[in-house]
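Student: There's a structure below that I have some questions on.
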Amino acid sequence: MVSPVTVVKCEGPKLVPFFKATCVYFVLWLPTSSPSWFSALIKCLPIFCLWVFLLAHGIGFLGAHSSARKILAGLIFSSLGDAFLIWQEQGYFVHGLLMFAISHVLYSSAFGMKPLDLRAGLSIGVVSGLSYALLYSYLSGPFTYLVAVYIALIGFMGWRALAGVQLYDDLWTWTKMSACLGAMLFMVSDLTIAVNKFCFPVPHSRAIIMATYYAAQMLIALSAVERQDEDDPKKIA
């Protein structure tokens, strides 16, 4: 198993642009009431840095690891979703929802279906069901089923990430824990968006949404890189 310290030493420097771009977003804190291409760029810049983070490991690495390619594709669709949500009040919220739904499908595929872990699936299913129950009375029109489908997709992604964490028989890896934490933070971020948009104002919602979102994407990207160590028996030994 690759230790967290090793991961920080090897991958930390490559994540510096991401942390800087994230700081730029929070320092500028551009108003959401005046959407522009500049504000879209600032919002997407940390995710662009995660593209570069994965690409920095080489085309050969991406070619050899399908999970890394899927996560890179998920980051690309996430960037599109971020851009659409800049103009959500102008009617592009559903477009952003679609882009992130595709991202969750890609992440789920990257995390894989083994082990199945039905108990983890049941737990996530209960959380997802309760989340939809909270939102249901506030939804109307197409959002009644669009939100249901989206919750199902992000819940499935969370299940596949959670199922990978096996805290026994030496099956635990930092890779899987990183993916799991990333998926859980993504769910927190999106639930906050939904409650704030459809139900009632959440105090400091934007800070909560973006902090958990950027952390989630970073952890998911980091999990993709570590998969090269899982697949290499020499590094595991």
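The values are calculated or read from the model by the stated rules, or taken from the named source; none is laboratory data. These numbers come from a predicted model, not from an experiment. Backbone-built Cβ (ideal geometry, glycine too); neighbour counts: all protein chains shown. Note: accessible area is taken over every heavy atom of the protein model, side chains too, but ligands, DNA and RNA are not part of it. Shrake-Rupley method; radii C 1.70, N 1.55, O 1.52, S 1.80 Å.
Student: Name the single residue that is surrounded by the most Cβ atoms within 10 Å (Cβ to Cβ) among those in the stretch 135-155 being over 15 Å from Asn196 (Cα atoms) and aliphatic (A, V, I, L, M). I'd like the intermediate steps shown before the answer.
Tutor: First, the residues of the stretch 135-155 that are over 15 Å from Asn196 (Cα atoms): 140-142, 144-146, 148-155.
Filter once more, so that each one left must be aliphatic (A, V, I, L, M): 146, 148-149, 151-154.
Details: Leu146: 16, Ala148: 15, Val149: 11, Ile151: 20, Ala152: 16, Leu153: 19, Ile154: 26.
Looking at the filtered set, the residue picked out is Ile154.
Student: Here is a further query. Looking at (1) without any contact (Cβ under 8 Å) to a residue 24 or more places away in the chain; (2) under 17 Å from the mean Cα position of the chain (by Cα); (3) closer than 22 Å to Phe19 by Cα, which one does Leu72 not meet, given that it meets all the others?
Tutor: Every listed condition holds for Leu72 apart from (1).
Student: In the stretch 47-65, what residues are open to solvent by 40 Å² or more (accessible area, probe 1.4 Å) and free of Cβ contacts under 8 Å to residues at least 12 places away in the same chain?
Tutor: Ile59, Gly60, Gly63
Student: Within the bounds of the stretch 167-183, is there any residue that is touching a residue at least 60 places away in the same chain (Cβ under 8 Å), under 22 Å from Ser78 (Cα atoms) and either of a type in the set (A, V, I, L, M, F, W, C) or not in a helix (DSSP H, G or I) (or both)?
Tutor: Taking every residue of the stretch 167-183 in turn, at least one turns out to be touching a residue at least 60 places away in the same chain (Cβ under 8 Å), under 22 Å from Ser78 (Cα atoms) and either of a type in the set (A, V, I, L, M, F, W, C) or not in a helix (DSSP H, G or I) (or both).
Student: Still on this structure: Just checking, does the stretch 217-230 include any residue being open to solvent by 50 Å² or more (accessible area, probe 1.4 Å), closer than 16 Å to Ala161 by Cα and at pLDDT below 95? Please lay out each step first, then the result.
Tutor: Pass one, the stretch 217-230, residues open to solvent by 50 Å² or more (accessible area, probe 1.4 Å): 230.
Filter once more, so that each one left must be closer than 16 Å to Ala161 by Cα: 230.
Now restrict to residues that are at pLDDT below 95: 230.
Yes.
Student: Consider Phe100 against the criteria (1) part of a helix (DSSP H, G or I); (2) without any contact (Cβ under 8 Å) to a residue 40 or more places away in the chain: it satisfies all of them except one. Which criterion is unmet?
Tutor: (2)
Student: Does the stretch 23-46 include one or more residues that are within 19 Å of Lys176 (Cα to Cα) and under 17 Å from the mean Cα position of the chain (by Cα)?
Tutor: Initially, the stretch 23-46 is screened for residues within 19 Å of Lys176 (Cα to Cα), giving none.
No - not one qualifying residue is present in the stretch 23-46.
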